[in-house]
Amino acid sequence: MRLSQTFIKTLREAPKDETARNGALLVRAGYIHKEMAGVYDYLPLGLRVIENIKRIIREELNKLGCEEISMSALQNPEPWEKTGRFSDQEVDIWFKTEVSSGGELGLAPTHEEPITNMLKAYITSYKDLPLQVYQFQTKFRNELRAKSGILRGREFLMKDLYSFHTSEEDLDRFYGEVEKAYAKIFDRLGIGGDTYETFASGGIFSKYSHEYQTFLPVGEDTVYYNGDKSVVLNDEVLNDETLEDLGVKREDLVATTAAEVGNIFKLKTKYSEPLGLKFTDQNNELKTVYMGCYGIGVSRVMGVIAEKFADDKGLVWPEAVAPYKYHLVGIGEEGMEAAEKFYAEHPGEVLFDDRDIRPGEKFADAELMGLPYRVVISAKTLAEESAEITERITGKTKLVKLSDLK
């Protein structure tokens, strides 16, 4: 990308209506554009971050034998009515619309009902199971509060995975595999050190479910953890029974704020039973399919990373999710010629600030945009066949031979 040829422009100040740091910085740095409260457009840089997050998730899920699909956002009320969840009294976050020919449709806040209904056409025998499918889908939720940038949106991107099994034991097996995969995903995203599997309410499905909470000062959840953080629980399950189950004492727990980036549930037969998702077992008996669901908020993860690593100068992206590895600046005629050569030799890795503006402005934008490395090439650095490399996360600068830059 050449900054002289993109419509992206940085802003010196955040929009007055964007109070969350992640939203303010992402707008200022040209990653997103705010349409309205809780609704954002992803610009070229922001979309590259989203795609990098998706790539990491996709790679780890594919290792588990999961298959990727893409389902409709528009929802037929029928399967939802069978579970009682199309009712606004039961689920109060629906966006619904009237069809011109009559009737009502909804915009999906999640996809348990439609995926269960769809797979009735494909699951008939125990030989068809287990089955794991996932998607990256835009969800719609009519949130009462949408003031946290992309941490909480009315329209947002989610990865939702659904698994289907012949037994509860097989569901438990796969659930454990997803737990391990999620740990790898969050490590690769750069937030594994502060993201913990957290005991939360299992609702009507089970005693507990698990959330993945990233400790964050602006997080909307309160969680409690013991000394070595081997036990973390949401405040919704902080009671005597849970403390006894987990073998911890209330006085040994510390409270902190956190942002939920994912969750996993053992749904069992909650949706397969009312929707009639069944299979014939080895004895030719008709049985109900067991299910699990596993979510990661993709756009929410982007906001958490922005919040977690940003400093007073701007964004700071971990290399694995950054839109580009290098932010390239050439100074002077000789420096610009060498920068052009570097840009051509590193396709897909370089954001080249080739604008006709002062170097100081370019450096300020580099700090705001937050790419892992700023590369400055000038007559002075070329005298040593080098470039000046500044690591964004530490601010440390050193000369590196151009031939050594990969």
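Every number here is computed from the coordinates shown, using simple stated rules; none is lab data. Just so we're clear, the structure is a prediction, and the values are computed from it rather than from any experiment. With ideal geometry, Cβ positions are generated from the backbone for all residues, glycine too; neighbour counts draw on all protein chains shown.
Brief remarks on what is shown
- Cα-based radius of gyration of the range 326-404 once divided by 2.2 N^0.38 Å, which approximates compact folds: 0.98
- Alpha carbon convex hull of the range 56-110, projected area averaged over orientations, nm²: 5.5
- Farthest toward positive dipole pole in the range 338-406 [+1 Lys/Arg, -1 Asp/Glu at C-beta], among GLY348, THR397, VAL376: THR397
- Extension gain, GLU337 back to LEU47 (0.36 nm per residue minus Cα-Cα distance, nm): 101.4 nm
- Extended-chain gain in nm, criterion 0.36 nm per residue less alpha-carbon gap, SER101 and LEU144: 12.5 nm
- GLU67/ALA320 FRET efficiency (R0 35 Å; Cβ-Cβ; nearest 0.05): 0.90
- Highest average packing first - 122-135, 162-175, Cβ atoms within 10 Å: 162-175, 122-135
- Working from label points 7 Å from Cα in the Cα-to-Cβ sense, the SER4 to ALA379 distance is 1.9 nm.
- The chain: calculated mean residue ellipticity at 222 nm from DSSP helix runs of at least 4, using -39500 (n - 2.57): -8500 deg cm²/dmol
- Computed FRET value (nearest 0.05) for GLU345 with ILE93, which takes r as the C-beta separation and R₀ as 41 Å: 0.25
- Modelled label positions at SER167 and ASN284, each set 7 Å beyond Cα in the direction of Cβ, lie 2.2 nm from each other.
- Whole-angstrom gap from the range 1-21 to the range 182-260, using each part's C-alpha centre: 35
- Correct choice for Rg and Dmax of the Cα atoms in Å that was computed from the model, options (i) 20.2, 61; (ii) 21.8, 69; (iii) 24.3, 80: (iii)
- With a Förster radius of 22 Å applied to the C-beta separation of GLU177 and LEU131, the computed FRET efficiency comes to 0.95.
- Segments 249-261, 311-323 sorted - mean Cβ within 10 Å per residue, highest first: 311-323, 249-261
- Formal net charge of residues neighbouring GLU81 (Cβ-Cβ distance under 11 Å; K, R +1; D, E -1): -2
- Members of LYS159/LYS180; LYS184/LYS406; LYS120/LYS266 lying beyond 21 Å, as alpha-carbon distances in this model show: LYS184/LYS406
- The gain in end-to-end length when the SER206 to GLU391 segment is fully stretched comes to 62.0 nm, 0.36 nm per residue minus the alpha carbon separation.
- Lys, Arg +1 and Asp, Glu -1 on Cβ, resulting dipole of the range 3-309 about Cα centre, debye, nearest 20: 1220
- Neighbours of ILE8 by Cβ distance under 13 Å: Lys/Arg scored +1, Asp/Glu scored -1, total +2.
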